Amino acid sequence: MKTQIGIIGGGPSGLLLSQLLHLQGIDTVILEKHSREYVLGRIRAGVLEHGFAALMREAQCGERMDAEGEIHDGFYIAHNGHRHRVDLKGLTGGNSVVVYGQTELTKDLYEARDRAGGVVIHNAEDVKPHDVTSGNPFLTYRDGDDVRRVDCDYIIGADGFHGVSRKSIPKESLREFERVYPFGWLGVLSRTKPVSPELIYAKHERGFALCSLRSQVLSRYYIQVPLSDTVEDWPDDEFWEELKRRLPDDVAGGLVTGPSIEKSIAPLRSFVAEPMRYGNMFLAGDAAHIVPPTGARGLNSAGSDIYYLYNALLDHYKKSDDTGLQEYSDRALSRIWKAQRFSWWMTTLLHRFPDNIPYDDRLQHTDLEYLFSSQHALASLAENYVGLPF
Ligand code: RFL
Ligand code: PHB
């Protein structure tokens, strides 16, 4: 098989790039390790910055997002039994975020690829990039007993944190930066009315909690848990009791509980691999960087990579201009590091760190006090949360 762009990974990054390029007449093939059902079964992000939403519209995939997604002009931070609203719209001069699940967005992208006859090969085993530093790179994958080959101009590694693309780059050509946090998030999805129409990020001495949602009948809640905990340690009743303990009384009193329809634990990690290019292979999204979910930056950062990469590839094919491709890694990383800083800061601000000394606790408390006493500090939080410009 021959294509212009060979994409490893059929998650949001790979699908969005493929769809945007298709609309410009550029051909792609996506190799995805798992089945579509598996990819769509993962419950992940819920908050889209306005720039990501604009990219979905540009990809002609924004219709359902605009009809069913919710525009949120603010969210709450709770601590010491009280809630403070962060007025995103007021603080940023009119910007907001869209609450629309990654699952739905991925479904919309798959449907768009189907309608356009796009090639997405599922259950592609042993995907490998080859001759990446040559002018003729190619991918191979296994289909049963057959090994198949896809020749392309460029390879895009959009295969997530555990994918093969980053791992195929020689160690001496890549620098990795990492911080692992000593806790995870236990997430529960339930068919219940959300406790609050806007998200609540809650700091509590027992640990962080987040009240989020997918719609007015579908709630998503998270609590900070030790890394040693498993899903089996958290029957639904115990989860709801612990969540209530961590929320202000007036919020906990209004919490509607019900059976969980999904429950999982995600460890928290910050990670960046530099540069995001090796020869003619470009990394995008979680393949190159990970953030703890506290700042809702992960999928949105994948979106900014795709924006830079899409425009760079357009310049290459339409104008024979390779500046964008040459500068891709630097441009993407400049924004990525800002998302890293913000996610690290939100995580540090709101979680309970088991090894904190009393001095650290006082600083954490002061950080929050300062935030709600300064319009400048709040504006900085808000401009990062709605997404810095691409
Ligand atoms: P993905 O989604 O991991 O997709 C990668 C795809 O590549 C496939 N793959 C391979 N294919 C072929 N060969 C191989 N060897 C392969 N190895 C892997 C995988 O099967 C998969 O289909 O990466 P992508 O596309 O870069 O998208 C990134 C986002 O998924 C991620 O950043 C977000 O989900 C992070 N995130 C959030 N981001 C936000 O912007 N806002 C949020 O509110 C938010 N909440 C979250 C989150 C992530 C979470 N978890 C579980 C990590 C909440 C949670 C709990
Ligand atoms: C979610 O709804 O899954 C969600 C929302 C905000 C975050 C993280 C996750 O910061």
Quiz item: Among the DSSP beta bridges whose two residues both lie in the chain, what percent are antiparallel, rounded to the nearest 5?
Solution: 75 percent
Quiz item: Plugging the Kirkwood radius over Cα pairs into Stokes-Einstein for the stretch 236-390, at a temperature of 37 °C and a viscosity of 0.692 mPa s, what D comes out in µm²/s?
Solution: 177 µm²/s
Practice problem: Measure off 7 Å from each Cα along the Cα-to-Cβ vector at Arg115 and Phe161, then give the distance between these two points in nanometres to one decimal. | Solution: 3.3 nm
Self-check item: Computed label-point distance, nm, for sites Lys89 and Glu232 using a 7 Å Cα→Cβ extension
Solution: 4.8 nm
Quiz prompt | Theoretical ellipticity at 222 nm over the chain - DSSP helices of four or more residues, -39500 (n - 2.57) apiece, nearest 500 | solution = -11500 deg cm²/dmol
Self-check item: Angstrom value of the Kirkwood radius, inverse mean 1/r, which spans all Cα pairs in the stretch 159-206
Solution: 15.8 Å
Exercise. Compute the distribution of all C-alpha to C-alpha distances in the stretch 1-145, in bins of 10 Å from 0, and list the percent of pairs in each, rounded to whole numbers.
Key: 10, 33, 28, 17, 9, 3, 0
Quiz item: What do you get when you divide the Cα radius of gyration of the chain by 2.2 N^0.38 Å, with N the number of residues?
Solution: 1.00
Exercise. Just need log10 I(q)/I(0) for the stretch 83-190 at q = 0.11, 0.15, 0.17, 0.19 Å⁻¹, Debye formula, equal scatterers on the alpha-carbon atoms, no solvent, rounded to two decimals.
Key: -0.68, -1.02, -1.12, -1.18
Practice problem: Counting only C-alpha contacts under 8 Å and six or more residues apart, can you give the relative contact order of the chain as a whole percent? | Solution: 20 percent
Quiz item: Expressed in nm to one decimal, what extension gain is obtained for the pair Gln216 and Glu58 from 0.36 nm per residue of sequence separation less their Cα-Cα distance?
Solution: 54.2 nm
Quiz item: Roughly how many Å is it from the Cα centre of the stretch 332-376 to that of the stretch 51-118, as a whole number?
Solution: 24 Å
Self-check item: Stretch gain in nm, segment Ile357-Lys128, where the contour uses 0.36 nm per residue and the Cα spacing is subtracted
Solution: 77.8 nm
Quiz item: Tilt of helix 375-385 relative to the longest C-alpha principal axis of the chain, in degrees (0 to 90, nearest 10)?
Solution: 40 degrees
Self-check item: Full-extension gain in nm, Ala379 to Tyr317, via 0.36 nm per residue minus C-alpha separation
Solution: 18.3 nm
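Any read-out appearing in this document is the output of simple, stated calculations on the displayed coordinates, not a laboratory observation. None of these values were measured; they are calculated from a predicted model. Glycine also receives a Cβ, built like all others from the backbone with ideal geometry; neighbour counts cover every protein chain displayed.
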